[in-house]
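Asks: Pasting a structure below so you can have a look.
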2 protein chains.
Amino acid sequence: MTALPHSRLRSSSGGTPVRGGATTAPERLLSVLGAFDHEHPALCLTDISRRAGLSLTTAHRLVRALTEWGALERDESGVYHVGLRLWEVAALAPRGLPLRQVALPYLEDLYEATHENVQLAVRDGGEVVYIEWLAGRSSVGVHIRVGARWPLHATGVGLALLAHGEPEFQESYRVGPLASFTPCTITDPERLRRVLAEVRRTGAAVSDRQITDDALSVAAPVHGPDGTVTAAVSVVVPHAGAQVPTLVPAVRLAARGISRALGWRPEETVRDGAGRPSGR
Amino acid sequence: MTALPHSRLRSSSGGTPVRGGATTAPERLLSVLGAFDHEHPALCLTDISRRAGLSLTTAHRLVRALTEWGALERDESGVYHVGLRLWEVAALAPRGLPLRQVALPYLEDLYEATHENVQLAVRDGGEVVYIEWLAGRSSVGVHIRVGARWPLHATGVGLALLAHGEPEFQESYRVGPLASFTPCTITDPERLRRVLAEVRRTGAAVSDRQITDDALSVAAPVHGPDGTVTAAVSVVVPHAGAQVPTLVPAVRLAARGISRALGWRPEETVRDGAGRPSGR
């Protein structure tokens, strides 16, 4: 497998640095944190100042405060990284590490069963954010992508999450614009509507060469205790030779295992057409 | 295994909320983030204001800014949690998720080989911070402890990290005070000195009932590319029936595997008595 999907990362901060947009003290401080993203995990003071749209003096003052607190760490060469203390606080995010911690054994089982790349993702607005990404030691070409984002309609996890979102949200998302990554990317609202209905009917979403020309992902929704879909699980495989009928039950089982571990009881939940709970 | 070590968590923010200590704008904003810890992952505005030592008006203003940015999320009941955006930025911390991502396959192998709880930790000042904690689905009693802290001398990972720290740091740490958790906790500086020498000699650290009366951990150091010890790996087992001679090679192998994956080449590194590199 030479090329993997999701290899063209978008910045976790939305791709564009905040420039001149930070007018209040909290905004200025947060713009310093927002200067760091997947393409820029290590920055010198000048980079931070430029990316955050702050004067060098202001950037210096804020960086010092963040470093003292432990949100940033400065290495010997004067380059700043995100610090351990921020990681500790962020580990409390309910949709981050705690979800991942519950899901990990099921993701590992799925990896054992398929030996393919396994992901866990949640929805944030119109994007999926990857919370976990398991790849075997031998899976070359997989870099760290936890925290990466992609639009909902282009990925398996995104389709699984979108198909179970609020109907109003689905409608507004569906009418686009729908970004295109390959000739296979779904960009037609009507086709997307049919695909989402199929996802709800089958309990699984397939994204076939929608992100790169050579990869396919199979995803299934994860339900929270009240039945709402809170996350999605997927495997990514080479398009050539992909055994979708074999992957679907494995991915669905993993997703149901995580859902049960989160407290979901499918037998107690009656769902409406959109897969949302309609009373217990 | 009814009781596990490290079950009495200290707060990740050091245990005490910031009160009245935040005088600058950045400090006030960070004190809001610092109000969240393992015992307080969800807070209402009044809690935040009290724990951060801020007026309700100031807390409200800062919480709103943090929520707009995505560092906090507000649920339907008005309770605040740490937000996904903060988790995404924090995922860039080199000693957090990236380290964990490299280490995970080796931790999984160690778990497969031992079927015991497996941890990865780094040192922050005089404490260990857990970066990863693997526990099987059947391991009851294990809660989320990623981000938890314990003093160095009481844990296996802490002893492994301390034994390979700068000699001056070891000296200043050793003279204490050394907090006691059980009658077995090392509190005597001279005994600690002998234990640390033994850790360097054998390549493994054993913490026997130092945190709780019934658990034992075996740890080994993880080396970075330049040979310095940057993390430690351990397994935690019930004291009764613990097979230390069997666990030591498994833990050491996992630690060396992670070290190699990080770029360490032991054959190229000559070390001095403290296990630090002394030229290549």
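Asks: Would you check if A:V218 is modelled with pLDDT of 90 or more, open to solvent by less than 10 Å² (accessible area, probe 1.4 Å) and under 20 Å from A:V244 (Cα atoms)?
Replies: yes
Asks: Given (1) within 28 Å of A:R74 (Cα to Cα); (2) modelled with pLDDT of 85 or more; (3) β-branched (V, I, T), where does B:T187 come up short, assuming only one miss?
Replies: Of the numbered conditions (1) within 28 Å of A:R74 (Cα to Cα); (2) modelled with pLDDT of 85 or more; (3) β-branched (V, I, T), the odd one out for B:T187 is (1).
Asks: Give me a count of the residues in segment B:58-113 that are over 22 Å from the mean Cα position of the chain (by Cα), within 9 Å of chain A (Cβ to nearest Cβ) and among the aromatic types (F, W, Y).
Replies: So the count comes out to 1.
Asks: Hey, can you tell me all the residues within segment B:35-52 that are open to solvent by 30 Å² or more (accessible area, probe 1.4 Å) and at pLDDT 95 or above?
Replies: B:C44, B:L45, B:T46, B:D47, B:R50
Asks: Also, quick follow-up: Pairs needed: first member in segment A:189-211, at positive phi; second member anywhere, at pLDDT below 95 and in a loop (DSSP other than H, G, I, E, B); C-beta distance under 6 Å; at least 6 residues apart or different chains.
Replies: Taking only residues 6 or more apart or on different chains, the pairs are A:R209/A:T182; A:R209/A:C184; A:R209/A:H239.
Asks: Residues being crowded, with 21+ Cβ neighbours inside 10 Å, without any contact (Cβ under 8 Å) to a residue 24 or more places away in the chain and outside any helix (DSSP H, G or I): count how many of those fall in segment A:74-125.
Replies: Residues meeting the conditions: 4.
Asks: Could you figure out which of (1) in contact with a helix residue (DSSP H, G or I) (Cβ under 7 Å, 6 or more places away or on another chain); (2) surrounded by 18 or more Cβ atoms within 10 Å (Cβ to Cβ); (3) modelled with pLDDT under 95; (4) among the aliphatic types (A, V, I, L, M) isn't true of A:V175?
Replies: Exception for A:V175: condition (2).
Asks: Against the definition (among the β-branched types (V, I, T), modelled with pLDDT of 90 or more, open to solvent by less than 50 Å² (accessible area, probe 1.4 Å) and touching a Phe, Trp or Tyr at 6+ places or on another chain (Cβ under 8 Å)), how does B:V63 come out, yes or no?
Replies: So B:V63 passes the test.
The values are calculated or read from the model by the stated rules, or taken from the named source; none is laboratory data. Since the structure is predicted, the reported quantities are computational estimates derived from the model, not experimental observations. So basically every Cβ, Gly included, is an ideal-geometry build from the backbone, and we count neighbours across all protein chains shown. To get the accessible areas, we keep the full protein, side chains included, count just its heavy atoms, and leave off ligands, DNA and RNA. Shrake-Rupley method; radii C 1.70, N 1.55, O 1.52, S 1.80 Å.
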